[in-house]
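K.L.:
Below is the structure I would like to discuss, written out as structure tokens.
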Amino acid sequence: MVPPEPQSAFFLVTEVASASREQTHGINQINLAVGQVDKVTQSNAASAEESAAAEELSSQVSVNFVPPTSPLFKIHYFPHDLT
């Protein structure tokens with residue numbers, strides 16, 4: 001017959017080992033989640049840079065497309081009453 005103390009110690013060691021495995025699993029899940037957040041953050045940063053570059057290019061193209069003094073966009077003023 002085994003005295004109660006060694007059985008209690010074995011039970012406690014088993015519980016600690018089980019808790020350690022659960023903790024390791026939880027840490028692995030956190031590491032995976034942090035990795036996914038990092039990937040999304042990097043993707044968002046790249047998209048923001050691409051959007052800024054596209055906006056800059058669009059702005060340059062629009063400025064070069066129609067000059068501000070283009071006759072197409074002049075407003076003609078008619079001082080005479082048309083009625």
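K.L.:
Specify the residue that is modelled with the lowest pLDDT; the eligible residues are those in region 1-15 that are outside any loop (DSSP other than H, G, I, E, B) and either surrounded by fewer than 10 Cβ atoms within 10 Å (Cβ to Cβ) or polar (S, T, N, Q) (or both).
P.N.:
Top of the filtered list is PRO4.
K.L.:
Sticking with this one: Take the residues of region 39-83 that are of a type in the set (Asp, Glu) and surrounded by 10 or more Cβ atoms within 10 Å (Cβ to Cβ): which is modelled with the lowest pLDDT?
P.N.:
Within region 39-83, the match that is modelled with the lowest pLDDT is GLU56.
The values are calculated or read from the model by the stated rules, or taken from the named source; none is laboratory data. Here the structure is a predicted model, which is why all the values come from computation and not from measurement. Every residue, glycine as well, gets a Cβ built from its backbone with ideal geometry; the counts of neighbours run over all protein chains shown.
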